[in-house]
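Reading through the structure tokens given below for one structure.
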Amino acid sequence: MTLIIDCHGHYTVLPKAHDAWREEQKAAYKEGRTPSPYPEISDEEIRETIEQNQLKLIQERGADLTLFSPRASAMAHHVGDQQVSEEWARRCNDLIYRVTQLFPETFVGGCMLPQSPKADLTASIKELRRCVEELGFVGCNLNPDPGGGHFEHPPLTDEYWFPIYETMCELDVPAMIHVSGSCNPAMHATGGFYLAADTVAFMQLLQGDLFSRFPNLRFIIPHGGGAVPYHWGRYRGLADMLKQPSLDEHLMNNVFFDTCVYHQPGVDLLAEVIDTKNILFGSEMVGAVRGIDPQTGHYFDDTKRYVDALPIDESAKHMIFEGNARRVYPRLDAKLKERGL
Ligand SMILES: [Zn+2]
């Protein structure tokens, strides 16, 4: 039997009071005052948002377990300052924790980090530790461009990032490279910024030598790896021209792509070009694209359908749905083993 593990889910439909408090927090920052206290949110409200959205779809589509993190577009690291980000991240991660307690069979936590454009990573490291050690989360989302669409941060291979890599390696948790909302009108968030950032991140890793310094560091590049699998020949050629080792030894022991590609030919290409060991099942639902594909009559983001239809054998499917996720997220593997799975 294969467990269907979705490595990419966000809490996108939230209790109204949580979203309202964020607006209050932003207004308070602008006006230079302390925000009103965070509201009480009942288990019932959380239950309702999950049952009517993610849980319903998970059950309809036949997944078993989702790695669940705060709504990515609302991380909005570019808003406010370090303190604003810190409190927002804590509230969002605490809600995720409550979801994992209310639905322990179905949701395992991934955290957002309180990154902020002008800050170092001290607060992010602290929150990562809290989420992993106290809340039982198994991974995090790391934003390579917390400025929100201007790409002004140093590349992921720069030593600016090393302190959090050290903590990730110590805790043995991977990061999904995941940008947030765009404040650049030239860059649509989910259609432009997300895919651009995925592609840019891969090229940064190709140019650098990060994994010889951090051999256990692991990144999931979401949305099918951006444009990377489609342009695999370009990246192989660039590695050669830049006198870097082949992609297989240089990057592909540490970098993984999910299956958040919303049509069959895209998932076919991903599976044909990229080694099975580097592909993790993901859907990012309910997220960027919520409609039904008129060509197929199915939801665009029902990605399990595309993986099911791949012309690969059962052991390869097992790796994509379960095995790779257990290897990339050892803390998830440990949780499943505790449950006898
Ligand atoms: Zn996402």
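Every read-out reported here was derived from the displayed coordinates using simple, explicitly stated rules and does not represent laboratory data. From a predicted model like this one, the values you see are computed outputs, not experimental measurements. In this analysis, Cβ positions are derived from the backbone assuming ideal geometry, glycine residues included, and neighbour counts consider all displayed protein chains.
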Practice prompt. Evaluate the Kirkwood expression for the hydrodynamic radius of the chain, namely the inverse of the mean inverse distance over all pairs of different C-alpha atoms, and round to one decimal in Å.
Written response: 20.2
Practice prompt. Enumerate the amide H contacts of M75 below 5 Å, restricted to partners 5 or more residues apart or on another chain; note that Pro and chain-start residues carry no placed amide H.
Written response: G181
Worksheet entry | Rg followed by Dmax, in Å, when region 126-234 is reduced to its Cα trace | 14.2, 43
Worksheet item: What list of ³J(HN,Hα) values in whole Hz, one per residue of region 195-208 in order, does the Karplus curve 6.51 cos²θ - 1.76 cosθ + 1.60 (θ = phi - 60°) give from phi, with Gly and Pro shown as x?
Response: 6, 4, 5, 4, 5, 4, 4, 4, 5, 4, 5, 5, 5, x
Worksheet item: Can you give me the relative contact order of region 5-338 as a percent, contacts being Cα pairs under 8 Å and 6 or more apart?
Response: 17
Discussion item. Please compute the Kirkwood hydrodynamic radius of region 1-55 from all pairs of different C-alpha atoms, in Å with one decimal.
Written reply: 13.5
Worksheet item: Local charge sum around G208 (other residues, Cβ-Cβ under 12 Å, Lys/Arg +1, Asp/Glu -1)?
Response: -2
Worksheet, complete the sentence: Calculated from DSSP helices alone, with each H run of at least 4 adding -39500 (n - 2.57) and the total divided by the residues of the chain, [θ]222 nm to the nearest 500 comes to -12000 deg cm²/dmol
Worksheet item: In sequence order, what are the phi-derived ³J(HN,Hα) couplings for region 8-17 according to the Karplus relation 6.51 cos²θ - 1.76 cosθ + 1.60 with θ = phi - 60°, rounded to whole Hz, with x for glycine and proline?
Response: 9, x, 10, 7, 9, 10, 10, x, 4, 5
Discussion item. Output wanted: per-residue J couplings in Hz (rounded whole) for region 298-305, from phi through Karplus 6.51 cos²θ - 1.76 cosθ + 1.60, θ = phi - 60°, x for Gly and Pro.
Written reply: 10, 4, 3, 8, 7, 6, 4, 3
Worksheet item: What is the fewest-to-most order of V138, V289, V261 by other Cβ atoms lying within 10 Å of their Cβ?
Response: V289, V261, V138
Discussion item. For a quick check: with amide H placed at 1.01 Å from N, whose amide H comes under 5 Å from C260's, ignoring anything fewer than 5 positions away on the same chain?
Written reply: H223, G224, G282
Worksheet item: For the cross-link pairs K56/K277; K56/K126; K317/K337; K118/K337, which exceed 31 Å when the distance is taken from alpha carbon to alpha carbon?
Response: K56/K126; K118/K337
Practice prompt. Compute from the Cα atoms of region 62-142 the Rg and the Dmax, the latter being the longest Cα-Cα distance, and quote both in angstrom.
Written response: 12.6, 43
Discussion item. Once R0 is set to 41 Å, what does the formula 1/(1 + (r/R0)^6) return for the Cβ-Cβ distance between L269 and E23, expressed as a FRET efficiency to the nearest 0.05?
Written reply: 0.50
Fill in: Distant-in-sequence amide H partners of F107 (H built 1.01 Å from N, under 5 Å)
T66
Discussion item. I'd like the distance between the alpha-carbon centres of region 73-96 and region 213-258, rounded to an integer number of Å.
Written reply: 30
Discussion item. Using just the Cα positions, wrap region 64-210 in a convex hull and report its mean projected area in square nanometres, one decimal place.
Written reply: 8.6
Item to complete: Kindly rank 71-80, 249-258 from highest to lowest mean number of other beta carbons found within 10 Å of each residue.
Response: 71-80, 249-258
